[in-house]
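Scroll down for the structure; my scribbles are underneath it.
The values are calculated or read from the model by the stated rules, or taken from the named source; none is laboratory data. Note that the coordinates shown come from a computational prediction; the quantities given were computed from them, not determined experimentally. Glycine gets a Cβ as well: all are built from the backbone with ideal geometry, and neighbour counts include every protein chain shown. The area values use the complete protein model at the heavy-atom level, side chains included, leaving out ligands, DNA and RNA. Shrake-Rupley method; radii C 1.70, N 1.55, O 1.52, S 1.80 Å.
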Amino acid sequence: MVKLREEIEFDSVDLSSYYDKIDKPLLDKWQGIIDIASKMYKVPTALITRLHSESIEVLIKNQNLHNPYKENEMTQLGLGIYCETVVGENRALEVPNALHNDFWRNNPAVQVNMISYFGLPIAWPNGKIFGTICISDSKTRHYDDTDKKLLYAFKGTIEKDLDLLSKQVLLSKNINEIKRTQELIIDFEKNKLTNQLVSSISHEISTPIGVALTTASYMDYVIKKSPDSLEKLREGANLVQKNLEQASKMLMTFKQITEDKEMEKQNKVHLKSFVNSVIRSLKYDLKKHHVHTEIEIDEHIYVIVHSYALVQVLLNLTINATLHAFKDNREKHILIKGVSMLDGIE
């Protein structure tokens, strides 16, 4: 709330959320404007003020020993100072001599001998008030149209800077939104990848585990009915072991190609083993579509890659080929081949 001295009332003013985004290069530019203004008008005081929720700040002051204000000085709202009325009414204010004006003779600026004032509101591009640009003097001053147009030109320059600043802030927000969206997409793709692997590997694991459970149940039956059937028990034990080892390998494959810490950074991987692991994880889907895969990769090839990216490429290529590359009457054969261009290079 700001006090409108000439109307003897208070009014509310909206603040922009960007008011604290002003950086040093912009402040330096505005400092130059204010110093020029004070010299051209030959006044001891030229200011750019910034409105806060409960006060007005002297953001920029001209470099003049006779300027009674201090940089970053805060004046509480409600006292009815010149600038408070400017932002409250959102229009120019000219006071040739406060001592000759019943409304202004008791305002706080008179106490520091600033009896004349001319100020303009500074607004953000959305219309919300930033503050003011003003000049003040210790003697009576009347400003002609040329003088006023010059201060309006300074105001226009500052408001163009605020317009650019608001666009930069908005651009920065958009960039952050894009980055967050990219992260969500990556997480989605990672989950999609993981789900694909889980689906394929779960089918593969279910078969050997099912065989192992069935065999174990049969062994239990044999033990109960025919305790002396040692050969049958030995065959059953071997079958259980074989199938459990197969399930264990599938779990290790899944762990190797989906472990987060390995997927998030670049790693040096043995290409053939890595590709084998990925293709093995798709065994169920490949078998379902009657696709035969063959891997021909030089044993000595190592690559430094983001594991997740390589897994995604291999999965996408293999699955797309499985679903779309073959006609029903064609032999379905996928060859994955890798050779080094120079011997000895890893």
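Limited to the range 91-104, what total is found for residues that are charged (D, E, K, R) and at pLDDT below 90? Result for the range 91-104: 1. If you go through the range 274-315 and keep only what is over 30 Å from residue 327 (Cα atoms) and assigned to a helix (DSSP H, G or I), you end up with 307, 308.
Considering every residue within the range 138-156, establish whether at least one is charged (D, E, K, R) and surrounded by 20 or more Cβ atoms within 10 Å (Cβ to Cβ). Yes, some residue in the range 138-156 is charged (D, E, K, R) and surrounded by 20 or more Cβ atoms within 10 Å (Cβ to Cβ).
Taking the range 287-311 as the range and being more than 15 Å from residue 268 (Cβ to Cβ) and polar (S, T, N, Q) as the test, only 293 passes. Inspect all residues belonging to the range 96-104 and state whether any of them is surrounded by 20 or more Cβ atoms within 10 Å (Cβ to Cβ), hydrophobic (A, V, I, L, M, F, W, C) and either in contact with a Phe, Trp or Tyr (Cβ under 6 Å, 6 or more places away or on another chain) or in a strand (DSSP E or B) (or both). Scanning the range 96-104, I find at least one residue that is surrounded by 20 or more Cβ atoms within 10 Å (Cβ to Cβ), hydrophobic (A, V, I, L, M, F, W, C) and either in contact with a Phe, Trp or Tyr (Cβ under 6 Å, 6 or more places away or on another chain) or in a strand (DSSP E or B) (or both), so the answer is yes. Only residues that are assigned to a loop (DSSP other than H, G, I, E, B), acidic (Asp, Glu) and open to solvent by less than 80 Å² (accessible area, probe 1.4 Å) were counted in the range 64-95, giving 1.
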